[in-house]
Each structure stands twice: as C-alpha cells, then as structure tokens.
Amino acid sequence: MTTAVSAQAQNSQSVSYTLSFPEPHTHYIRVEMKIEHIKENEVEVILPVWAPGSYLIREFAKNVEDFSASSLNGKVLKAKKSRKNAWKIETEGENTVLVKYKIYAFEISVRTSFVDEDHAFVSPTGVFMYTQEAFKNSVSVSVKLPHNWKRISTGLEEHKTNTNTFVAQNFDWLYDSPIEIGNQDIFEFTAAGVKHEVAMVGGGNYDVVNLKRDMAKVVEEATSIFGENPNKKYVFIVHNYKNGGGGLEHLNSTVLGAKRMGYTDPLIYSNFLGLVAHEYFHLWNVKRLRPQALGPFDYEKENYTTDLWIAEGFTAYYDNLLIKRAQIITEDRYLDLIAEDIQTQINLAGDKIQSVAEASFDAWIKYYRQNENSSNSQVSYYTKGSLLALILDLEIIHQTKGKKSMDYVLKTAYQEFFKEKNQGFTSDEFKKSLEKATGTNLDSFYDDYVYGTKPIDFDKYLGYLGLKLSKGVPNARPSLGAVINKSNIVTKVLRNGSAWNGGLNVNDEIIAADQQRIEDIQTNLINKLPGDKIDILVNRDGILKTLTITLQEDQTEKVQIVKKEKVDKATLKIYNNWLRN
C-alpha cells in the first residue's frame, strides 16, 4: 500500500463522515457521508468488497440499508444502485451532497465490523464508501459516542481542534485504520522509540505489567531487523472472547483476537505473543515491503499475486523466531514449533498436489473457503511459506558462513523497494534479492519448492546448523484414513488412505463394523493388522450400504528436531547467533 501523501488540489472533491450508534444493541452503524466540491452532474459512491490482508471477496454491500442522498438543505436527490456495491447520485447542480446509510455489523472477526450494547468495532472497508474523485484526498471521520461510551482507539491522526474527529491523508490510509469505540481498557508503553497503545476489549485475566514488558520485547526485536520503526504511534486493538483468535495487520495498528481467560496459561500466553509478533512484523513485511499486487489496491476485485508465501509465510517464520530471540520461549520450544510445522507439511496430502505459488494465487477461491477435501488438495502459504523462509535463511547463513541471513535480505529489500522506490516487488526481483544474499542461482529451488511440489530435504538445511530430523518408529498399525466425529459421522477422508480407496464418503454415518454395532470405530481396529479387511455398515443419505475396506498401514510421520552429536565450534557459534542464545 502506498503511504505517500498526495497533494490535495484546492477545491477538489473531498469526503467527510459522521458515525453514530443510536441503538447499538441492534448492531447498526449509522453513516453520514458529506461529499463537497462536486463539479459533475452525477457522483458515484462505492463500497469496497474486501479487506486488505484477508484475501476473499466478502461482499460488504450486503450489509447496507436505507441508502439515501440529499442536498445540504434537505432536498432529496435521485440515487440508483449502479452495480452490487455502488450507487449513482444525480446532483442536480448541488456541489455538496449528503449520503446517509446504515451498516448492519454483527460478525465477530478481525476483518468485519461488530456492534453491540458494549462496544463498536469499525472495520473501514466494510463501512466507508468512497468516490473515485476524492480517493487520493484527505478524509475525516467524526464519531458521535453513545452516552455511556467514553473511548476511541485508532491509528488515525486526531483532528487538531474537533473532539472525537480523526483524519486520514487519503482513503488508503482510512481503509487501513480500524476504529474501536466503547470503554476498552487502555494502557501504553514505549519501545523502539515509538508510543504504543493497547486497547483491551472484553476483559480478561491479563497482567498489564507482563504485557507491557513482553510486547515491548517483541517490538524491539522486530525493529532491530529493519533498523528503523516507521511509525510515531502504533495501536493494538485486542478483542478478548471466550475462544478468540486471529489477527489482521494495518499500517500503524493491528486487530488481534485472544482468549479472554488464557493469559495465565503459559502456552496460550506465548501463542498470543507469537500473534503479536506476526502482526507487528507485517508493518514492514506486507504493509511496506510488499508484492507488487498488494498496493495500491483495487478495492472492487481480487488483487492476485503468487507471492503470499513471502508476504505471509516469511512473517509466519519470523513470529516464533522473534519470541525466541526475545527469550519469551525457550530454544527447545522453538525447535519443537518448527518440527510441528514440518510434521504437518510432510503428512499433508495436498503438499503433493498444489504448489505454494499456486496456493498464493488461489487464496481468493480456496484458502478462505476450506472444505472437507482441502487438506487433500491444498497447502497453506503460511506453513509452507514459513518452512521455505526457514530453509532459505539456513542456506544464506551457510553460504555466507554466518555473515548474512534472511534478516539481511529483508532489511535491504525494505530499503530498496519501500524507502527508495516506494513500490512493490515482482517475484523475479525478490528472487534476485535472495540470490544476491546466497551468492547462488535459485532457479532449481524455485522450480522444486515454489512452483513445484518436490518434498523438501529438511535434513540438508538443518544440518547446516548442526541439527537433524529424528523420525519416530512407524507403529505398523492400520489406519482407516478418515476423520470421524463423536456422532460417528465421517468429516474427512484422507487421500489414498484406506477409506479413500474403499469408498467411504464424507457425511456417511458409521453404524456397524464387522456386523457389530459400534460406539467408536477405533476400538474395532485394535486387533486388526495392515492388509486385513473390515466390513463397515454406513447410513448414506438414508440408504444403508456395506463397504468392504482393506486396511492400510498408518503412514503418519512423527518428527523431532534434535542436535547432532558432534558439532564444530564455528557451527555452534552461528547457530547461537541465529537464535540469539
């Protein structure tokens, strides 16, 4: 996303908004949009269809109600919907038009707006309509607080004179600045020379002192990689729910979901700090250092790139690495987290079907639309991308004898593409940045691992730092190759497993096995061996069917990362520098 301030010509079209919540318990946001300095006989207002950072067409216009337009003196102007997310207004010579509409906001996520009696979360792309003529000009937002709400948290700049009014330098900035309104608990800390505000929504058993200390560590570690922090202020909006999670990055803020009563659990707490690290790292990687397709955006359609494995995958690599370097998790825990990702990847059938470049490009139609067959046919550009970042990092460290690392690549790329050129990189340009660091040609690497589905030789790369994969002994037990819920309904069939080859379907209800009524299919496998057959009676859409399934050996691999017995001092020194031990 471009962050350059464009010059606003005198008397060019401008837009300002007023938000109000007269009945927050009904989940509506009332929006008044004032369009000034109109020179045309017709003006079109447009609502985005997606939220940057979340690659799915979400059709925000479905939440719009009571759209109307008028002049300043109340004269009703003719308005007609021109397409699914746009309205055309006949100005009848008026140079100022008031547009009013309501937004229904009752979807809990980090990318969608939500309003209830306690607070309002405004996700900008689903609320603020724009005009093409005013898009590059500054825009203001005023908030009318309900009588019992006292606080507003946002990365937007406060208006110099008007209370509860905020200013964005253009619509790109507005759309990258979520707003939290209510009575959130707010605390602040300073790290890397930047003031950070944390808005905690929904309560919880968090300890402010601990959060200030540990979040500051994350900020300092991330900033040290790039050598500068581009913000004067940064805002964390944290939504605490019974089982909250997820995050969405923005230019100078982020929205995080967290488990309300999970802060005293060491594992949940470290996972939360990993999420903090992930979204914070995005303020460089993605928000500024970015693939060419990811800014400036087209808010009306998909913005395709094959490089989400860099945008998200590299960030996923650094989130846990940052909290290890910050001494929030131990060395052993960090290696376990890498091993978990490797284990997930090598056991994923989709890893043999879809490349990570294809997964990036198809995010719009696949990643956010998972179904029962997704694991058989897809990879995650987060997980696979993080593992590619890992092995590229280790390759750079190996080729340069520890003098360079992925830190160097990202810092120099940030300097070149954002600081100097202020533009996104192409796939080939980023590849060249990696090749410059490694001193090697990466054509084969890209063909095999980025555009291809060749299994990664993890031992080769881990070996550079004195590590290796330790694989568990196969249990030689049979596996049905299906996921079955407590009601004995099949929810997933694994590619090329026993159930797949035997004709078991998702949504089949398993009633009996070998003519015995079952409560848990796994108990019927206890005395079975690979190669044995089992007769399974299923209810398929009201029809009883008996399937004879030949049981195959469980092929699930379990791995750990362990240190080699003999490692020279130079390798050990490089290893310790990688993890900041």
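The values are calculated or read from the model by the stated rules, or taken from the named source; none is laboratory data. Given the structure is predicted, the values throughout are model-derived calculations rather than measurements. So basically every Cβ, Gly included, is an ideal-geometry build from the backbone, and we count neighbours across all protein chains shown. Ligands, DNA and RNA are stripped out before the accessible areas are found, and what is left, the full protein with its side chains, is counted by its heavy atoms. Shrake-Rupley method; radii C 1.70, N 1.55, O 1.52, S 1.80 Å.
Key figures for this structure:
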| quantity | calculated |
| --- | --- |
| Per-residue [θ]222 nm for the chain (sum of -39500 (n - 2.57) over DSSP H runs n ≥ 4, rounded to 500) | -7000 deg cm²/dmol |
| All-pairs alpha carbon distance profile, the stretch 1-143, 5 Å steps from 0, percent | 2, 9, 19, 22, 20, 15, 9, 4, 0 |
| Nearest-ten-degree value, helix 331-346 long axis tilted from longest Cα axis of the chain | 80 degrees |
| Ordering of 137-144, 298-305, 229-236 by packing [mean C-beta count within 10 Å, highest first] | 137-144, 229-236, 298-305 |
| Prolate/oblate/rounded call for the stretch 127-222, Cα gyration tensor, a/c under 1.5 rounded | oblate |
| Per residue accessible area of the stretch 334-440, 1.4 Å probe, in Å² | 40 Å² |
| Accessible heavy-atom area order of E157, E107, E44, highest first, probe of 1.4 Å | E157, E107, E44 |
| Euclidean distance of C-alpha centroids, the stretch 178-233 and the stretch 301-346, integer Å | 21 Å |
| Folded to 0 to 90 degrees: helix 383-399 orientation relative to the chain principal axis, Cα | 80 degrees |
| Protection proxy ranking of 442-450, 175-183 - average other beta-carbon atoms within 10 Å, highest first | 175-183, 442-450 |
| Relative contact order (%) - criterion: Cα under 8 Å, at least six apart; region: the stretch 204-359 | 21 percent |
| Percent carbon-and-sulfur accessible area, the chain, ignoring ligands, DNA and RNA, probe 1.4 Å | 46 percent |
| In degrees, nearest ten, helix 208-226 long axis to first principal axis of the chain (Cα) | 90 degrees |
| Relative contact order of the chain, pairs being alpha-carbon contacts under 8 Å that are 6 or more residues apart, as % | 10 percent |
| For the stretch 26-75 and the stretch 515-553, distance of Cα centres in Å | 56 Å |
| Ordering of 524-530, 565-571 by burial proxy (mean other Cβ atoms within 10 Å per residue, highest first) | 524-530, 565-571 |
